[in-house]
Amino acid sequence: MNLKGKHLIDPNDFSLEELDQVFELADRMVDNRNAYGHVCEGRILGTLFYEPSTRTRLSFESAMLRLGGKVLGFADANTSSAAKGESIADTVRVLDAYADIIVMRHPKEGAPKLASEYSRIPVINGGDGGHQHPTQTLTDLLTIRRLKGRLEKLTVALCGDLKFGRTVHSLVSTLARYNSNRFVFISPSELRFPEHLKEALKEKHDIEVYETESLEEVINDVDILYMTRIQRERFFNEADYMRLKDSYILTRSKLADAKPDMLVMHPLPRVNEISYDVDQDKRAAYFKQAELGIYVRMALMALQLGVDVNVEGK
Ligand code: CP
């Protein structure tokens, strides 16, 4: 079990034991962040963001800086030679000489996978189109592990844009690998969880899901409510987005009879799907989730780079 040099394109690239290794190191980093401030000295993270991001890009940058490393990259493809027509393959080949590890976000599904095929250094998928967002899943699982104490025997409701929401696709396919988790999908009919992913849940894990259009029907029976925004940038038609954008708005009153230890999660950014009055509810976990994203990315990169993380007691 050694993550050194490994790419992370899909959360299923890592075994459950490897995921545990990341979470255990992240837990140690939460408890003693300053002890790791030198472990990536001399290492450079390359951030290739062809699509907007706040949390993913900045938490990766913060994570590498907190490990003592450095960061270079671009936040807008228009300021890179992609605007002149350079291919991903050529960009990545060049980055090999400039950095030690790469995180890439791209609007096209499969772009980070393609990059990994041309790269001699680890490539991390920072989100590819409506496909996958593996480090958001690591963040989500670390949050659930820490706040619920387990990754098994959970009833997880996912609400909103389940068609285009890459965070949902990655999270469900990963949580399905742990024992006895159940899924409830809440979406408008046009934005249902993709059929082929549902079939994979059945074939690989013998999991049947419950689907509904009503948040109110199920909210009182779940352990985790994972809200998502309607993904405007993936719609072909603005009129459809306008019609669907406020399909679900979680308010504090809707939480009145939900389980007292339920977690309300959201990968952020939120638009309108969680009202601000929920932020004060003790079940609101989304800002804690964003904070934990730094530690899980610190742990991930340290392990992929194979640096010495045995710092305790030194
Ligand atoms: N959760 C997430 O991916 O946020 P950003 O789009 O801001 O990176």
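Taking a quarter of the surface of the Cα convex hull of region 134-290 gives a mean projected area of 8.5 nm². The per residue volume of the convex hull around the alpha-carbon atoms of region 175-248 is 104 Å³.
If r is the Cβ-Cβ distance from ASN272 to LEU147 and R0 is 22 Å, what FRET efficiency results, to the nearest 0.05?
In this case the efficiency is close to 0.35.
Here the sum of -39500 (n - 2.57) over DSSP H runs of 4 or more residues, divided by the residues of the chain, equals -11000 deg cm²/dmol at 222 nm, to the nearest 500.
For the chain, the spread of Cα positions along the three principal axes, ordered from largest to smallest, is 53, 51, 40 Å. Per residue, the chain exposes 44 Å² of solvent-accessible protein surface, assessed with a 1.4 angstrom probe and all protein chains in place.
Multiplying the residue separation of SER15 and LYS282 by 0.36 nm and subtracting their alpha-carbon distance yields 92.9 nm.
What shape does region 199-299 have by the C-alpha gyration tensor, where a ≥ b ≥ c are the square roots of the eigenvalues, rounded means a/c under 1.5, and otherwise prolate means a/b greater than b/c and oblate the rest? The shape class here is rounded. Here the accessible area is traced with a 1.4 Å probe on the protein chains. For the chain, carbon and sulfur cover 47 percent of it.
Between ASP96 and ASP257, how many nm apart are label points set 7 Å from Cα along the C-beta direction? Going by the 7 Å Cα→Cβ label model, 6.1 nm.
If only the Cβ of Lys and Arg carry +1 and only the Cβ of Asp and Glu carry -1, the dipole of region 146-239 around its Cα centre is close to 560 debye.
Spin-label model, ASP31 to ASN310: label points 7 Å out along the Cα-to-beta-carbon direction sit 1.8 nm apart.
In region 34-58, whose amide N lies under 20 Å from the spot 7 Å out along Cα-to-Cβ of LEU65? List them in ranges. The answer is 34-50, 52-58, whose backbone nitrogens lie closer than 20 Å to the label point.
Kindly work out what percent of the DSSP beta bridges joining two residues of the chain are antiparallel, to the nearest 5.
Roughly 5 percent of the DSSP beta bridges within the chain come out antiparallel.
Placing +1 on the Cβ of every Lys and Arg and -1 on the Cβ of every Asp and Glu, with nothing else charged, gives the chain a dipole about its Cα centre of roughly 660 debye. Farthest towards the positive end of the charge dipole of the chain, among the residues ILE44, THR56, GLN289, is the Cα of ILE44, using unit charges on the Cβ of Lys, Arg, Asp and Glu. Under the rule a/c < 1.5 gives rounded, and otherwise a/b versus b/c splits prolate from oblate, where does region 75-135 land using the Cα gyration tensor? Judged from the Cα gyration tensor, region 75-135 comes out oblate (a/c at least 1.5, b/c at or above a/b).
For the pair GLU195 and TYR118, the difference between a 0.36 nm per residue extended length and the Cα-Cα distance amounts to 24.6 nm.
The values are calculated or read from the model by the stated rules, or taken from the named source; none is laboratory data. What you are looking at is a predicted structure, and each value in this text was computed from that prediction instead of being measured. Cβ atoms come from the backbone with ideal geometry, glycine included; neighbour counts cover every protein chain shown. Heads up: the accessible areas ignore ligands, DNA and RNA and are worked out on the full protein's heavy atoms, side chains in. Shrake-Rupley method; radii C 1.70, N 1.55, O 1.52, S 1.80 Å.
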